[in-house]
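As structure tokens, the structure follows; a few thoughts come after it.
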Amino acid sequence: MPTNLRRAASETGDPLLLTPGPLTTSKSVKEVMVHDWGSRDATFIGINQAVLLELTRIIKGEGRYVTVPMQGSGTFAVEAMLTTFVPRNGKVLVLINGAYGHRAKRILDIASRKTVVHETPEDSPPDLATVERILKRQKSITHVFAVHCETTSGIRNPIEAIAEIAARHGKRLLIDAMSAFGALPLDSTNISFDAVAASSNKCIEGVPGLGFVLCHKDSLAETKGNATTLVLDLFDQHQNFEKTGQYRFTPPIHVIVAFHQALREFWAEGGVEGRGGRYAENGRALIDGMRALGFETLLPAHLQAPIIVTFHMPRHPNFVFQRFYDALKERGYVIYPGKLTVADSFRIGCIGRLYPKDMEGAVDAVREALDEMKVSLVAKAA
């Protein structure tokens, strides 16, 4: 292995995480975690309240939506959303084109909620005509579940069109916006949804440990008694905040304080437009560079979200993914293996405290890794 490698590093000297979260965070976000706060201390309660209010601004939902936080990863928030908002006699149309749609289906199955599935391939959005037909024929459906950006592939699903169809048929929409929230627009004044789930360690660029659900106030008020678990009951969690301003159980205090700092930096960058714009530039730099080396993307441009990009695994006898991965890590870039069920692939994320120069550096590292493995790919036209 070469001894004079150029190693990329974050502000704190760590490898750059080209992943969909956890991701590279700013030094200032990390630094606020060096202090301790009591969970019932007025200073921390004020910080937490500020976080909850700020999050509703991102969807332009002030006054109509409330943020209900949920300790744990993003999946905790998704399960809390599904099992709180779907009543025991409800039925959900689950739109699936990747692992996270399948995960939602499994959550609903375990909670004994009835489901109808519309599944499309991992590189294809839901078929809107089929969604329309299902809702026309199955009047007993009460809710529609959709993933905004499915990180299995990086596909951007047409959430606005899905919302319009659901609203027209009188169905309630629940959204998993885990990897899209804060980068892709989601305007509650233009589209109708009961709730949207996301987490601290994605496009807001905080650290892992806190999920949250933005809930329409009127819809949340109807959910009493729906929850199948104590800890994931959003209605009960919200009621406790209303009464005391505090969590029912120990919160991830340092995560929340870091999230507060991350939100400050999010707004300073220009909110959704600024953050999403930077990620789009990252995505262009990555895709253009990788295609110039001969890699093929799974998705066409009109379906590609600027969150994570899936590349087909090269069909070259010398290409070994583990060697490729290790070579990139030695150069300071950590990528993700593929999650597709139909093709060998790997993924490179565009989010986190990264800039186009970092993506260009990653492409250079890929070029060096290919040279080491003696892999030459035929360049494809962009």
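Each residue of the range 102-111 was assigned a 3J(HN,Hα) from its phi angle through the Karplus expression (A = 6.51, B = -1.76, C = 1.60, θ = phi - 60°), giving 4, 5, 4, 4, 5, 4, 5, 4, 5, 7 Hz with x at Gly and Pro. For the chain, the longest principal axis of the Cα atoms and the long axis of helix 253-268 meet at an angle of about 70 degrees. Placing pseudo-labels 7 Å out from each Cα toward the beta carbon at ARG264 and ASP127 gives an inter-label distance of 5.1 nm.
Counting DSSP beta bridges in the chain, what percent are antiparallel, to the nearest 5? The partial results should precede the final answer.
Working: 23 of 43 bridges.
Taking every DSSP beta bridge within the chain, about 55 percent pair in antiparallel fashion.
Relative to the longest principal axis of the Cα atoms of the chain, helix 234-244 runs at roughly 70 degrees. Pull out a ≥ b ≥ c, the square roots of the eigenvalues of the alpha-carbon gyration tensor of the range 35-268, then state rounded if a/c is under 1.5, prolate if not and a/b is larger than b/c, and oblate in the remaining case. Taking the square roots of the gyration eigenvalues as a ≥ b ≥ c, the range 35-268 is prolate.
Relative to the longest principal axis of the Cα atoms of the chain, the long axis of helix 356-373 lies at roughly 50 degrees. Backbone phi angles across the range 330-341, fed through the Karplus curve with coefficients 6.51, -1.76 and 1.60 (θ = phi - 60°), yield HN-Hα couplings of 4, 9, x, 10, 10, 10, 10, x, x, 10, 6, 9 Hz in residue order; Gly and Pro are listed as x. Annotation for ARG7 and ALA292: the two label points, set 7 Å from Cα along the Cα-Cβ direction, are 2.7 nm apart.
Checking the Cα-Cα distances for LYS60/LYS136; LYS91/LYS202; LYS217/LYS243; LYS60/LYS105; LYS139/LYS171; LYS339/LYS374 against a 20 Å cut-off, the pairs over it are LYS60/LYS136; LYS91/LYS202; LYS60/LYS105; LYS339/LYS374.
Trypsin sites (Lys or Arg not before Pro) within the range 267-359: which are DSSP loop residues with at most 11 other Cβ atoms inside 10 Å? Display every interim value, and only then the final one.
Details: sites: ARG275, ARG278, ARG284, ARG291, ARG315, ARG323, LYS329, ARG331, LYS339, ARG347, ARG353, LYS357; in loops: ARG315, ARG331, LYS339, ARG353.
Sparse-neighbourhood loop trypsin sites (Lys or Arg not before Pro): ARG315.
On the basis of the beta-carbon distance and an R0 of 41 Å, GLU119 and ARG248 show a calculated FRET efficiency of 0.70.
Amide H to amide H, with H built 1.01 Å from N, VAL147 comes under 5 Å of ASP176, counting only residues 5 or more places away or on other chains. Computed 3J(HN,Hα) for the range 76-90, one whole-Hz value per residue from the Karplus formula 6.51 cos²θ - 1.76 cosθ + 1.60 where θ = phi - 60°, is 4, 5, 5, 5, 4, 4, 5, 7, 8, 7, 8, x, 5, 9, x, glycine and proline marked x. Taking other residues whose beta carbon is less than 12 angstrom from the beta carbon of LYS339, and scoring Lys, Arg as +1 and Asp, Glu as -1, yields -1.
Taken together, the values in this text are just the output of simple stated rules run on the coordinates, not laboratory data. All values reported here derive from a predicted model rather than from experimental measurement. Heads up, the Cβs are rebuilt from the backbone with ideal geometry, glycines too, and the neighbour counts pull from every protein chain shown.
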